[in-house]
Amino acid sequence: MRETDSNAADSARWAMPVVLHINGVKYDLRLEPRVSLLDALREYVGLTGTKKGCNQGACGACTVLVDGERITACFALAVQYQGREITTIEGLADGDSLHPLQAAFIASEGFQCGYCTPGQICSAIGMFEEFKRGEPSAVTEPLAATEFALSEEEIKERMSGNLCRCGAYVGIVEALREVFDREVPR
Amino acid sequence: MRQFAYARAENTETALQLIARHQNAKFLGGGTNLVDLLRENIEQPDCLVDVTGLPHAAIEALLGGGIRIGALVRNSHLAANRMIRERYPVLSQAILQGASGQIRNMATTGGNIMQRTRCYYFYDGEARCNKRVPGAGCDALEGFNRMHAILGASDACIATHPSDMCVALAALDATIRVRGMGGEREIPMVEFHRLPEDTPQIDTHLQPGELITAVDVPALPFARHSLYRKVRDRASYAFALVSVAAALEVEDGTIVNARLALGGVAHKPWRAVTAEHVLVGATANIETFKAAAAAELKPARGYKHNAFKIELAGRTIVSVLQSLLAAGGAP
């Protein structure tokens, strides 16, 4: 008990007000500066769709979108992300209507256990925006090209920050391919 | 992770004052290395000064043809920048071959320069590491040292600097602009990081309280013809075993300008000055490239698990120069 009390006192001493905007909702929180955005989402806001895999930036399971750009939430201190628009897997569906990528992951069997899936889908959304802005990847040839195709090689390179321990990569690439081809013909 | 205080600086003066006021404070950029080090209790600051709101996030063309890159420019934005892709492709390539899309969106230019080694023994609190605990010893010397240095190492430390971006910046003769309470100064990229010697706990020549504000890349017309090649244990999202940044200018079969730098081989981005001396003025062919690589790697020293990197570095240098030559050797 004593230790719990001292932990609570310690936490109260360091915690500060943190306002986060997540999936269009404003959350007034009190967080220690050391709390990551990942832990803030899961443990303080209750949005457990974003997953904690390695907690060291190696797996991509915690990928969320901030102002439309993909980041790994385990490397983000929540206090740094005030005033930004954070989107998690819970913010993608429109009511009961799934986001096209969510539907495509089901149709293409882009997962087995599903643990990496929220990160894969958020990452894919950010990745597609990067591609549409004409941003190159390590495999884009020539580097200065203004127009290039989203080849399978490009998809794999651009998604290399998201690991799938079940090895559902074939289904994941197929799901991305299918949704992207609908938006931008190859 | 220990507790720490957090302060967000809205301007550079405030950031410098905050860091000066606290005994044990650190600047926080994108967090992609520092947050990891905090979590592992390798870095234990009492206060973090968040500099991501400072007005150093622009990429500007300089008079005379160079480019100024603000310290807060994100790695992904830098790599995608049109001027960088056209004038310094080696820099875009280097950044794009590092980390992942998510991490490049977070990581800043200044933070990339300040990132610390990924030596396993530096990260492992149970291991002996002179960089983490000066005087403790080095478990990498007799340990699994596949990723470790072959050039410029010491008996105190064989860690490597993990950045790809810095290797390209070293080849391009970039200058780092820093500000402290005493004013502004410039440090050449090739002199910014240091070799371990017997004080591997000190990574750079940055002084306490100083903040990187920008990186200047000078005009270098022949860098339009430049290349970064990274050799690693998997095709993407891995640190370099060896990497090579190079630019080559050839006129009538003779090399008139050459830039060469190596990554993954030393405690700092390794500008291959010895090889450049062999290259410039010589005939542009594979014999010259091999002689240049051999000269640069003559002082290289391998350890139990990384001796292969000496041969690998030589072959990668030759292959990159061959690619540049085949592509024309001129802008």
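Across peptide A:71-83, what mean number of C-beta atoms from other chains lies inside 10 Å of a residue's C-beta?
The mean count of partner-chain Cβ atoms within 10 Å per residue comes to 6.
Within a 10 angstrom radius of the beta carbon, how do A:Arg182, A:Arg177, A:Arg70, B:Arg85 rank from fewest other beta carbons to most?
A:Arg182, A:Arg177, B:Arg85, A:Arg70
Two decimals is fine: what's Rg over Rh for the stretch A:100-183, C-alpha atoms, Kirkwood radius as Rh?
Rg/Rh for the stretch A:100-183 comes to 0.97.
Taking all pairs of different Cα atoms in the stretch B:56-196, averaging 1/r and flipping that mean, what Kirkwood radius in angstroms comes out?
Hydrodynamic radius (Kirkwood, Cα only) of the stretch B:56-196 equals 16.6 Å.
Sort largest first and round to whole Å: the equivalent ellipsoid semi-axes of the stretch B:228-326, each the square root of five times a Cα gyration tensor eigenvalue.
Each semi-axis is √(5λ); the values are 23, 14, 11 Å.
What is the fewest-to-most order of B:Ser323, A:Ser137 by other Cβ atoms lying within 10 Å of their Cβ?
So the ranking, lowest neighbour count to highest, is B:Ser323, A:Ser137.
Which aspartates and glutamates, if any, have their Cα less than 18 Å from the Cα of A:Lys26, not counting same-chain residues under 8 positions apart?
Result set, ordered by chain and number: A:Asp39, A:Glu43, A:Asp67, A:Glu85, A:Glu90.
Which links in A:Lys51/B:Lys26; B:Lys26/B:Lys230; A:Lys156/B:Lys304; A:Lys52/A:Lys132; B:Lys230/B:Lys290; B:Lys26/B:Lys131 stretch past 22 Å when you go from one Cα to the other?
Distance filter (> 22 Å) returns A:Lys51/B:Lys26; B:Lys26/B:Lys230; A:Lys156/B:Lys304; A:Lys52/A:Lys132.
Semi-axes of the equivalent ellipsoid of the stretch A:14-91: what are they in whole Å, largest first, if each equals the square root of 5 times a C-alpha gyration tensor eigenvalue?
17, 14, 11
Send over the semi-axes of chain B's equivalent ellipsoid, whole angstrom and largest first, taken as the square roots of 5 times the C-alpha gyration tensor eigenvalues.
After diagonalising the Cα gyration tensor, the semi-axes are 32, 25, 16 Å.
Take the protein assembly as shown, compute every pairwise Cα distance, and split them into 20 Å bins from 0; I just need the percent in each bin.
22, 55, 22, 1, 0
Before rounding to the nearest 500, sum -39500 (n - 2.57) across all DSSP H runs of length at least 4 in chain A and divide by the residue total; then give [θ] at 222 nm in deg cm²/dmol.
-10000 deg cm²/dmol
Round to the nearest 0.05 the FRET efficiency obtained for B:Asp198 and A:Val173 when R0 = 56 Å and r is the Cβ-Cβ distance.
Here the calculated transfer efficiency is 0.65.
Share of antiparallel DSSP beta bridges in the protein assembly as shown, in percent to the nearest 5?
Of the beta bridges lying entirely in the protein assembly as shown, close to 85 percent run antiparallel.
What does the highest-first list of B:308-319, A:96-107, B:26-37, A:44-55 look like by mean Cβ count within 10 Å?
B:26-37, B:308-319, A:44-55, A:96-107
Checking a compactness column here: for chain A, what do you get for Rg(Cα) / (2.2 N^0.38 Å), N being the number of residues?
1.14
Based on the mean of other Cβ atoms within 10 Å per residue, sort peptides B:159-169, B:195-205, B:45-55 so the most packed one is first.
B:159-169, B:45-55, B:195-205
In peptide A:133-142, what is the residue-averaged number of other protein chain Cβ atoms found within 10 Å of each Cβ? If you can, show how the numbers build up before the last one.
Working: counts 1, 2, 9, 7, 6, 13, 4, 4, 0, 2.
What the average comes to for A:133-142 is 5.
Counting other C-beta atoms within 10 Å, which of A:Glu69, A:Glu85, B:Glu60 has the fewest, and how do the rest follow?
Working: A:Glu69 19, A:Glu85 15, B:Glu60 12.
Ordered by Cβ neighbours within 10 Å, fewest first: B:Glu60, A:Glu85, A:Glu69.
Let's test the formula: R0 of 35 Å, r as the Cβ-Cβ distance of B:Ala57 and A:Asn7. What FRET efficiency results, to the nearest 0.05?
With R0 = 35 Å, the Cβ-Cβ based efficiency is 0.35.
Would you mind giving the mean number of other chain beta-carbons within 10 Å of the Cβ of each residue in B:88-99, as a whole number?
3
Relative contact order for chain A: what percent, with Cα pairs under 8 Å and sequence separation of 6 or more?
21 percent.
Read-outs throughout are calculated quantities, based only on the coordinates presented, and are distinct from any laboratory measurement. Remember, predicted model here, so these are calculated numbers, not experimental data. Cβ coordinates were reconstructed from backbone atoms using ideal geometry, including for glycine residues, and neighbour counts include every protein chain displayed.
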